[in-house]
Every structure is written in C-alpha cells, then in structure tokens.
1. Name the single residue that is nearest to the chain's Cα centre (by Cα) among those in segment 98-124 being among the small types (Gly, Ala, Ser) and under 13 Å from ALA148 (Cα atoms).
2. Counting just the residues of segment 106-148 that are over 18 Å from SER48 (Cα atoms) and assigned to a loop (DSSP other than H, G, I, E, B), which one comes out modelled with the lowest pLDDT?
3. Say we look at segment 126-149 and pick out the residues that are closer than 13 Å to PHE164 by Cα and of a type in the set (S, T, N, Q); which of these is surrounded by the fewest Cβ atoms within 10 Å (Cβ to Cβ)?
4. If you check SER48, SER94, which single one turns out to be under 23 Å from ILE166 (Cα atoms) and either of a type in the set (Val, Ile, Thr) or touching a residue at least 60 places away in the same chain (Cβ under 8 Å) (or both)?
5. Out of the residues in segment 150-174 that are surrounded by 12 or more Cβ atoms within 10 Å (Cβ to Cβ) and of a type in the set (Lys, Arg), which is modelled with the lowest pLDDT?
6. Tell me yes or no: at least one residue of segment 126-145 is more than 17 Å from TYR46 (Cα to Cα), of a type in the set (Phe, Trp, Tyr) and free of Cβ contacts under 8 Å to residues at least 24 places away in the same chain.
7. I'd like to check something: does segment 34-45 contain any residue that is of a type outside the set (Asp, Glu), surrounded by 19 or more Cβ atoms within 10 Å (Cβ to Cβ), at negative phi and touching a strand residue (DSSP E or B) at 6+ places or on another chain (Cβ under 6 Å)?
8. Look through segment 80-94, keep the residues that are surrounded by 15 or more Cβ atoms within 10 Å (Cβ to Cβ) and either among the hydrophobic types (A, V, I, L, M, F, W, C) or farther than 17 Å from GLY54 by Cα (or both), and return whichever of them is nearest to the chain's Cα centre (by Cα).
Amino acid sequence: MKKIILFVSIIVSVKSYSQTEKGSWLLGGSASYSSSKPTYGVAENYLSITPAIGYFIKKDLAVGALATLQNVPNSSTATSFSPFIRYYFLPMGSNAKLFANASYGWGNYNLYGGGYTGLSTWAISAGPSIFLTKNIALELTLSYAADAITYYGTTRTIRFNIGFQIHFNKKGKK
C-alpha cells in the first residue's frame, strides 16, 4: 500500500503545463466489460484490459499503440496489438476535454479446448477525459468494436470503458 501511495504522489507532483500539447506523452489504459453474440455461436461476456501509450504529434492529436487482453470466462482468451489515433476536440470547462479514438489491430484468439486462430479487431470510441490533476485523467468512453476471428465470424460489441491516462510533458516545455 505504501508503494502505491508513493507512486501516486510522484505522478501527481510531476510538473505539467498543458496535457495535450505537441511533444507530450500519454500512458495509461482502460478496462471494459461487455456482452455480445458472435455471428455463429452463443452470447458471451467479455472482460478486457487495454494498456496504451501515445505521443502528441500536434496539439490535441496523439498517435500510439495499445495492447488488448481479453477474457471470455470459461471459454477463451484473446490478445491483440493495435495502433491508434486520438483527437481531443472539445474543451469541457477547465479540467475536461472530449475526445475521439480509433484503432485497428491484429492478434490471436485462444480457442476453448486448445489451439489458436487469427484475430483482427477495430474500434471507435468517444468520451470525456476528466483531469483529476494536471497530469492524471479519468476517461469514460463508449465504443463500438468488431472482432473478426478466423473461421468463426465477426463479433460486434458496444462497450463502456473506464480508464486512466497519465500525461507527461516534454521537458522544458512552458
């Protein structure tokens, strides 16, 4: 517990001037729970954890990569890697911004009972980024995603995601 408190204290004390300026980094991730029915098969519940890292190539526009670890209880697991693009387009007061995010990726789907098959995935999402401090943002997004599993069809889902991002600014930026 002391290590967690120390880590959060260090992150909160990092000096920041603007969260989404060119040259800044973001590091964080999200978690989601969803339920969907694949093209062929029965309805399944999904739990996903998605760590991400990004870099602002210009003000309010970030590119990066994310990895998704997905579990379908008593059924299967999936892992994927996706590049993403994110744009912050609407300030919402002094400590929040609305953003949209799009990603497309590839991975493996671990079949129930053994064996792997290919996976391609894409998602679009939007929601507010609420800055709890100058560096730490709580994100609440709604996303539409599709997972195409080789030989098994495509599963489309609407997901509610909750996550945190830590924004690091370029040294010396004022």
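The values are calculated or read from the model by the stated rules, or taken from the named source; none is laboratory data. In this text, all values refer to a predicted model and were calculated from it rather than measured experimentally. Positions of Cβ are generated from backbone atoms using ideal geometry, with glycine treated the same way; all protein chains shown enter the neighbour counts.
1. Restricting to residues being among the small types (Gly, Ala, Ser) and under 13 Å from ALA148 (Cα atoms), the top hit is ALA123.
2. By that ranking, first place goes to GLY113.
3. THR133
4. That would be SER48, the only listed residue that is under 23 Å from ILE166 (Cα atoms) and either of a type in the set (Val, Ile, Thr) or touching a residue at least 60 places away in the same chain (Cβ under 8 Å) (or both).
5. Of everything passing the filter in segment 150-174, LYS173 is modelled with the lowest pLDDT.
6. no
7. No.
8. PHE84
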